[in-house]
Amino acid sequence: MQLLIVEDNVSDAELTVGQLRADGIECTWTRVATEDAFRDALLSAPDLIISDCTLPHFDGVSAFSIAAAETPEIPFVFVSGTLGDERAREALKHGAAGYIAKGDREHLAQTIRTALGRASSRHRRASDRSPLWAGADAGTGAAQHLLARRKVLDETLQQRDSPAMTSIMLRTAPSPAALLMIEAQLTRDRFAKLLPLANLEIDMARDVDEALERLADRVHALMFTDNIDLIRRARQLPSGEATHIVFVSSGRLLLQSDAIRAGANDSVSSDPRGEHFWTHVTTARRIADFAASLQLAVRDNGVLSTIDELTSAGRRHYFEQQFPREVERAARLGRPLAILMADIDDFKGINDRHGHQIGDQVLKEFCHRIGDGLRLGRDWIARFGGDEFAVVLPDTTASKACAVADRLCESIRSETFTDQSREISVTASFGVCALDHVSGSSSDLAERMVRAADAALYESKRAGRNRVTAGCIADTEERSV
């Protein structure tokens, strides 16, 4: 499903999309924040419009009025914290498909499903949802197998309903690119403006040599160009063989024929207007979606080696690969970063008293409660070993990290763990290490943060368990001297 989101806050838009994906609605999306961008985006015929009410240079009610006049078949849903009940009722009376407060995003998926069920546009665009590989040769069998494997895995993830696993999956979704190398400046500017409206990530190249370097460096699902020599040379690259090449034609049939003989798959007019152009763009989007599905399928084949089967948290080797990257990112951007180490108190006693099967259920529920207290798609959790877990909180200061740890500690102890007729009281200890401003490029900073959080965890154990202790790198290194 293609979403058009009218929202000036990128984080709010990402939260909305993350909630929809967590509720089983797969979508691509475009975010706009001005009237001109909104009018341009309507040309791509999105399946649904989601809008905030108040933006610095635009407002949701105006967006709704424009959409109602120009594209009344597209459902329009308000997701806002400022619309108010009276204005919401007025919008619904005039044709808005729904209104959800930003604090109630968990109800958004049902509202959207209801809106799409009523929309006549679903039937109008039904032909655009046909299987992409219809009519393909037998060589696509492996691709179809990978996609089928992804479907099985997706269903498994939905059945397990794990916030920890969902968070890891959201963090690693690939994004295919369309390479754009058009020599005619006016045409290049038009395509660079319009193609992102079809949710195509654009990679720009200034000349043939740079385009070839980009193709050699990264597999691109699509390439748009008006240079026949580039088409011919791209087909000689291993990565170029897998690229769907669209020749941007000025209208001369001879050039179009030369481009097809050189290796182009398709030809589109350099004048990006009208239904014919958007038909080509729709085809390009389907090809890009297919490439993304293949990448996801390949990635998902490795998910079971990334995810701990019992708890659905990341495995330790995932942590050891990913956490240093989090440190590098925080250092590059000068952002805060925090890590929590968590351990179930007296877990051995739980196993001894109730058996390992109950112990496994406690681990699952423990991880589920931790995951419920994290930000979807941003924070993540990994099983460090046994009953010890690492929780990574990007863009989180020390004070906020301690507040998160206190909240998680409370969520564990506040409600007993139940299994059939048994109720088991469980508590946990936490250690926190956070840097409000990560700087420098120390290669061992990730390891030092883990040691500091681990030392703080054991200080919580020593002080009586069921508590949070904040540690710092300097204290740990002083004790080790």
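The values are calculated or read from the model by the stated rules, or taken from the named source; none is laboratory data. Remember, it's a predicted structure, so these values are computed and weren't measured experimentally. When we count neighbours, we look across all protein chains shown, and the Cβ atoms used for this are built from the backbone with ideal geometry, even at glycine. Note: areas computed on protein heavy atoms with side chains; ligands, DNA, RNA excluded. Shrake-Rupley method; radii C 1.70, N 1.55, O 1.52, S 1.80 Å.
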Taking the condition under 15 Å from ILE182 (Cβ atoms) and modelled with pLDDT of 75 or more, does VAL281 pass? no
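Quick grid of which residues meet (1) over 20 Å from the mean Cα position of the chain (by Cα); (2) modelled with pLDDT under 90; (3) under 23 Å from GLY373 (Cα atoms):
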{"position": "ARG286", "(1), (2), (3)": "no, yes, no"}
{"position": "PHE290", "(1), (2), (3)": "no, yes, no"}
{"position": "ILE307", "(1), (2), (3)": "no, yes, yes"}
{"position": "GLY314", "(1), (2), (3)": "no, yes, yes"}
{"position": "GLN321", "(1), (2), (3)": "no, yes, no"}
{"position": "ALA331", "(1), (2), (3)": "yes, yes, no"}
{"position": "ASP352", "(1), (2), (3)": "yes, no, no"}
Just a yes or no: is a residue in region 28-35 under 14 Å from the mean Cα position of the chain (by Cα) and aliphatic (A, V, I, L, M)? no
All but one of (1) under 14 Å from SER249 (Cα atoms); (2) assigned to a helix (DSSP H, G or I); (3) open to solvent by 30 Å² or more (accessible area, probe 1.4 Å) hold for ILE231; which doesn't? (3)
Is it the case, given these coordinates, that ALA242 is at pLDDT below 85, open to solvent by 70 Å² or more (accessible area, probe 1.4 Å) and under 17 Å from ALA288 (Cβ atoms)? yes
Among the residues of region 54-80, the number that are within 13 Å of ASP8 (Cβ to Cβ) and in a loop (DSSP other than H, G, I, E, B) is 4
Whichever residue in region 213-267 is among the basic types (Lys, Arg) and out of contact with any helix residue (DSSP H, G or I) (no Cβ under 7 Å at 6 or more places or on another chain) and, among such residues, is farthest from ALA192 (Cα to Cα): ARG261
Output the qualifying pairs, or none if there are none: Cβ atoms under 8 angstrom, residues six or more apart or on different chains, first residue in region 414-440 and without any contact (Cβ under 8 Å) to a residue 40 or more places away in the chain and more than 30 Å from ARG332 (Cα to Cα), second residue of a type in the set (A, V, I, L, M) and surrounded by 11 or more Cβ atoms within 10 Å (Cβ to Cβ). THR416/ILE424; THR416/VAL426; THR418/ILE424
Please find, among ASP387, ASP406, the residue that is of a type outside the set (Phe, Trp, Tyr) and touching a residue at least 60 places away in the same chain (Cβ under 8 Å). ASP406
Which condition number does PRO46 fail, the rest of (1) in a loop (DSSP other than H, G, I, E, B); (2) at pLDDT below 85 being met? (2)
Of residues in region 202-213 being open to solvent by 70 Å² or more (accessible area, probe 1.4 Å) and in a helix (DSSP H, G or I), the one nearest to ALA284 (Cα to Cα): GLU213
Single match in SER399, SER425, SER421, SER414 (criterion: farther than 27 Å from GLY359 by Cα and open to solvent by 40 Å² or more (accessible area, probe 1.4 Å)): SER399
Regarding ILE25, is this residue farther than 20 Å from THR111 by Cα, open to solvent by less than 50 Å² (accessible area, probe 1.4 Å) and either in contact with a strand residue (DSSP E or B) (Cβ under 7 Å, 6 or more places away or on another chain) or in contact (Cβ under 8 Å) with a residue 12 or more places away in the chain (or both)? no
Filter region 364-374 for residues that are surrounded by fewer than 22 Cβ atoms within 10 Å (Cβ to Cβ) and in contact with a helix residue (DSSP H, G or I) (Cβ under 8 Å, 6 or more places away or on another chain); which is nearest to SER312 (Cα to Cα)? HIS368
Has region 39-61 got any residue that is touching a strand residue (DSSP E or B) at 6+ places or on another chain (Cβ under 7 Å), free of Cβ contacts under 8 Å to residues at least 24 places away in the same chain and under 19 Å from PRO196 (Cβ atoms)? no
